[in-house]
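The values are calculated or read from the model by the stated rules, or taken from the named source; none is laboratory data. Note that the coordinates shown come from a computational prediction; the quantities given were computed from them, not determined experimentally. Glycine also receives a Cβ, built like all others from the backbone with ideal geometry; neighbour counts cover every protein chain displayed.
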Amino acid sequence: MQINEHFANLHESYLFARVAERVREYEQEHNARAIRLSIGDVTRPLAPCVIRAMHGAVDDLSRAETFRGYGPDATSYAYDFLLSAIQNHYKKRGVALSFGEIFVSDGAKSDLGNLLDLFSVEKVLLPDPVYPAYADANLLAGHKIIYAEGREENGFLPMPEEGKGADLIYLCSPNNPTGAVYSHAQLKRWVEFAGRHGAILLFDAAYEAYVTGNFPRSVYEVEGARECAIEVSSFSKAAGFTGVRCGYTVIPNELVRGGVRLSSLWKRRQACKFNGVSYVTQRGAAAAYSEEGERECGEILAYYRENARILKEGMNGCRLFSTGGVHSPYLWVKCPYGTGEQFFELLLSRCGVAVTPGGGFGAGGERYFRLTAFSSREDTAEAVKRITELLT
Ligand code: MLT
């Protein structure tokens, strides 16, 4: 027996784990709390209607008449009330989904890696920079990775290039870490490219709730996507579920390869490797997508947007180029000199502020660092004050 040799291709620890460890070290050495603008972890409490729904669900579990055990396996353990809430969420964008096309999970990250179980692929195409979990999952699976470069010159929105195809293409819009968002026309070019080459798009919509204006929030807003795209989304950043854990994957019925519906394969895969999301969590998630939930979560998103505005203004004041922060809770900041890794150390050691070094998102991020708007207002303002004092 041999261990999976592909582990050797990974960095020793996952980007956010490495950053968190270094921040803990700093805190111990200095006996001080660092301000965390690093991992995109939310800090605001859950919306009141979500809390009420979860309390109600706990009460259901306390009575024999309303008790629930395993979720309904006909729909991958998701309850109709949540499937219906997700269906309704998409309907608002003009996207019609059937229950059998929606698969509820414990979050986008797991699905984005687990989906690889469906395919036997050689080559995958990833944007650079992008969320590092895609590369890690594909390296572990032994896939060859090629990159589509997102740079300042193309607004961090790489477009398809003939001759640079792959079996699987990951897209993240709004992009983590740059906050760049594809227009309908741009996304259509990716859909057409995938269609021409028989590729599958894995579309990460985890940040769709941050989109403002007339940009697509779902890949299915683009014609032809039902034949070539899987969409993965999450309640983490939209409703503050980073700790609660709930997401979902959409696999349209038209997505067929080798004569097989991919949704059937995924259902089969989930049946043997997954047991669903808790009833309490599903009740909370459904509440987040209710009208009341959208309003209350909208207020929380507005809080984070204001943080992003404060960060942006602060970086402008330091004369640092930055992007993002509008359709996204992240600000992508260019280092005035040196690397993102050096800035990470500098800002931690001199300001007690933890950021994420851009190189962790890909080679294209080496000269950048990422700030998250998910902190408290006080910490956000204090971080800007300290960085400004250091850099101006
Ligand atoms: C991030 O900071 O990029 C994300 O929060 C990490 C994650 O979602 O796993």
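Summary of computed values
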| quantity | calculated |
| --- | --- |
| Residue list for the range 137-166, filter: over 21 Å from the mean Cα position of the chain (by Cα), surrounded by 18 or more Cβ atoms within 10 Å (Cβ to Cβ) and more than 15 Å from Gln186 (Cβ to Cβ) | His143, Ala166 |
| Matching residues, the range 118-155, being within 15 Å of the ligand (Cβ to nearest atom), part of a loop (DSSP other than H, G, I, E, B) and of a type in the set (Phe, Trp, Tyr) | Tyr131 |
| Test: Tyr90 is among the hydroxyl-bearing types (Ser, Thr, Tyr), in contact (Cβ under 8 Å) with a residue 60 or more places away in the chain and part of a helix (DSSP H, G or I) | yes |
| Tally of residues being surrounded by fewer than 16 Cβ atoms within 10 Å (Cβ to Cβ) and among the small types (Gly, Ala, Ser) across the range 342-380 | 3 |
| Condition broken by Pro216, with the remaining ones in (1) over 13 Å from the mean Cα position of the chain (by Cα); (2) free of Cβ contacts under 8 Å to residues at least 40 places away in the same chain satisfied | (2) |
| Residue check for Gly317: more than 30 Å from Ala135 (Cβ to Cβ) and more than 16 Å from the ligand (Cβ to nearest atom) | yes |
| Lone qualifier among Arg283, Arg309 - being closer than 30 Å to Ala74 by Cβ and in contact with a Gly (Cβ under 8 Å, 6 or more places away or on another chain) | Arg283 |
| Every residue from the range 121-133 that is surrounded by fewer than 23 Cβ atoms within 10 Å (Cβ to Cβ) and modelled with pLDDT of 95 or more | Lys123, Asp128, Pro132, Ala133 |
| Filtered residue count, the range 215-254, keeping only those that are within 13 Å of the ligand (Cβ to nearest atom) and under 23 Å from Val326 (Cβ atoms) | 10 |
| Spans of strands (runs of 3 or more DSSP E) in the range 279-392 with at least 3 residues of a type outside the set (Ser, Thr, Tyr) | 330-334, 368-372 |
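Let's see how each residue does on (1) assigned by TED's automatic domain parsing to the domain that holds Gly365; (2) in contact with a Cys (Cβ under 8 Å, 6 or more places away or on another chain); (3) surrounded by fewer than 24 Cβ atoms within 10 Å (Cβ to Cβ); (4) closer than 27 Å to Arg245 by Cβ:
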site: Gly298; (1), (2), (3), (4): yes, no, yes, yes
site: Lys312; (1), (2), (3), (4): yes, no, yes, no
site: Gly317; (1), (2), (3), (4): yes, no, yes, no
site: Gly324; (1), (2), (3), (4): yes, no, no, yes
site: Val333; (1), (2), (3), (4): yes, no, no, no
site: Tyr337; (1), (2), (3), (4): yes, no, yes, no
